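Please treat every number below as a calculation from the coordinates, not as lab data. Computed from a predicted model, the values in this text were never measured in an experiment. Glycine gets a Cβ as well: all are built from the backbone with ideal geometry, and neighbour counts include every protein chain shown.
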Amino acid sequence: MEGKVNMGTKCKTIVVPLFISLLLLPLVFSASSDGLVRIGLKKRTLDQNSRLAARLESEEGTSTRKYHLRGNLGDSDETDIVALKNYMDAQYFGDISIGTPPQNFTVIFDTGSSNLWVPSVKCYFSVACFFHAKYKSSQSSTYKKNGKPAAIQYGTGAISGFFSEDNVQVGGLVVKDQEFIEASKEPGITFVVAKFDGILGLGFKEISVGGAVPVWYNMVEQGLVKEPVFSFWMNRNLGEEKGGEIVFGGIDSTHHKGEHVYAPVTQKGYWQFEMGDVLIDGKATGFCSGGCAVIADSGTSMLAGPTAIIAEINHAIGATGVVSQQCKVVVAQYGDQIIDLLIAQAEPDTVCSQIGLCTFDGSRGVSSGIKSVVDEKSGSMSSGVSGEAKCTACEMAVVWIENQLRRKETKEHILTYINELCERLPSPMGESAVDCDNLSSMPPVSFTIGGKAFKLTPEQYVLKVGDGEAAQCISGFTALDVPPPRGPLWILGDVFMGPYHTVFDYGKMRVGFAEAA
């Protein structure tokens, strides 16, 4: 998935890769009184290699995500738990094995994708493969050849290879004849420094590359779990070694407080449902008052949303990020006109096309294809802003101005405020730094699900890197713009799933949230 803005005093912008992880540490097995098998994993602090990789990836222009937009536990022997590692609250992962005898791998448990892949012993020319465990089909008595080619493009890298089949063990559950990808190529910096080996997708078959049946489907179809439900508990306490647990087959009541609030799945593929309005310091933004599509995604570290509202959130929490020239040019040249049109009751969706910055296609504004004019004599841009950028900036300005007009603000106040928002637009690839000393003064940000507002405090939506005077803080909010009809689209990643225990109910096709214990 996957940018942000700086906040408070002038802090260095830090880029944190989505798929960052930690060194594989010895497994700690324990049997609790309820008979559940738990695999205890440890976590370590952020290392410089991962930060360097993120910076290099951002310079190459990669994005931070891979969206291509196409109760009771019951009998203990029918429920299984896999413990998760927590990497600086930035990624959670655990261990599985493939083959007979078992070959061990560390994987991201990712509800935002649907394939299982691990590096192949046949990966000869990718540097990343030399740093990770590799599957050796010749050493497994349960291996079945498939050979169908496969490729997956992620925001932070890509893998390609071929399909194979073998038994996959997740905790104490053995999924037989599971189709998975042997990755023979892993280009890019991200997978070189990543300490995880592969990814185990927990999304729907609709987004599975090659039409492969996901591991979770086979768990259910092979009768390995009593209930078609799995749930995530992510431990956000940096002082504790345990990163959390994913429970297959039910819900561990010790992982949450109170009852879950459920929302029905509205579109299979990702775990997608509808969210209500976003609140900043208890005040409605109006952005999702009519409902917004949202995805619960354990494979995304941050919480992502449309740039316009993310900029408002960053402004509210004291962001001091990169100035967006496109935005400021549009406000300076067209701000008064946009306000006048909205006051005159013009349809917000048509405002930008009325002033010539977008072309209205019947449902929304699209870039009119306006090109910046190059002065042949000086070779300089007349505006420095492309038509597409102007269209996007105009659409954001309309959202902001509309909200301010609802509050009966003056034109002068509105234009000043919109310029401030422009200054706090996320940088194209980096996350937004905030002043660690200002957490107590930052407002809560809430997201409405099932009629209930789920609040995130500054301590919950800010990620802290390092200790003492060297500590730096990163906003957990990042920009992601998906156009209609699929968008606006929000991604509730680990920043949200940490404070709120999340249930993925495959049987009733719903997603549930409750305060994490």
**Message:** Please report the net charge: other residues with Cβ closer than 13 Å to the Cβ of Glu165, K and R +1, D and E -1.
**Reply:** 0
**Asked** Can you list the HN-Hα couplings for region 411-422, worked out from phi with the Karplus curve (6.51, -1.76, 1.60; θ = phi - 60°), rounded to whole Hz and with x for Gly and Pro?
**Response** 4, 4, 5, 4, 5, 5, 5, 5, 4, 5, 5, 4
**Message:** Could you derive backbone 3J(HN,Hα) for region 171-184 from the dihedral phi with the Karplus parameters 6.51, -1.76 and 1.60 (θ = phi - 60°), listing whole Hz in sequence and x where the residue is Gly or Pro?
**Reply:** x, x, 8, 10, 8, 8, 6, 7, 7, 8, 9, 8, 7, 9
**Asked** Just the Cα atoms of region 474-517: what Rg and Dmax do they give in Å?
**Response** 13.2, 37
**Request:** Take the Cα atoms of region 205-312, find their three principal axes, and give me the spread along each one in whole Å, biggest first.
**Result:** 47, 39, 24
**Request:** Output the pairs from Lys268/Lys452; Lys148/Lys508; Lys242/Lys283 with a Cα-Cα distance over 25 Å in this structure; if there are none, say none.
**Result:** Lys148/Lys508; Lys242/Lys283
**Distant-in-sequence amide H partners of Trp271 (H built 1.01 Å from N, under 5 Å)** = Ala296
**Prompt:** Non-local amide H neighbours of Gly172 (under 5 Å, H modeled in plane, Pro and chain starts lacking H): which ones?
**Reply:** Ile81
**Prompt:** Label-point separation (nm) for Asn237 and Asp349, each offset 7 Å from Cα along Cα-to-Cβ?
**Reply:** 4.9
**Prompt:** Working out 0.36 nm times the residue gap between Lys205 and Leu405, then minus their Cα-Cα distance, what length gain in nm do you get to one decimal?
**Reply:** 67.6 nm
**Prompt:** How high is the relative contact order of region 433-517, in percent, counting Cα pairs under 8 Å that sit 6 or more residues apart?
**Reply:** 20
**For region 159-260: relative contact order, % (alpha-carbon pairs under 8 angstrom, 6 or more apart)** = 19
**Complete:** Around Tyr262 (Cβ within 14 Å, Cβ-to-Cβ, excluding Tyr262; K/R +1, D/E -1) the net charge comes to 0
**Convex hull of Cα atoms in region 167-236, direction-averaged projection (nm²)** = 6.6
**Request:** Give, in nm to one decimal, the length gained when the segment between Glu259 and Asp281 is fully stretched (0.36 nm per residue of separation minus the Cα-Cα distance).
**Result:** 5.5 nm
**Prompt:** In sequence order, what are the phi-derived ³J(HN,Hα) couplings for region 160-169 according to the Karplus relation 6.51 cos²θ - 1.76 cosθ + 1.60 with θ = phi - 60°, rounded to whole Hz, with x for glycine and proline?
**Reply:** 8, x, 8, 7, 9, 10, 6, 6, 10, 9
**Complete:** The answer for Tyr500, listing residues at least 5 apart or on another chain whose modeled amide H is closer than 5 Å to its amide H, is Ala516
**Request:** Measure off 7 Å from each Cα along the Cα-to-Cβ vector at Asp437 and Thr142, then give the distance between these two points in nanometres to one decimal.
**Result:** 5.8
**Asked** Where Lys and Arg each count +1 and Asp and Glu each count -1, what net charge lies around Asn419 among other residues with Cβ under 14 Å from its Cβ?
**Response** -3
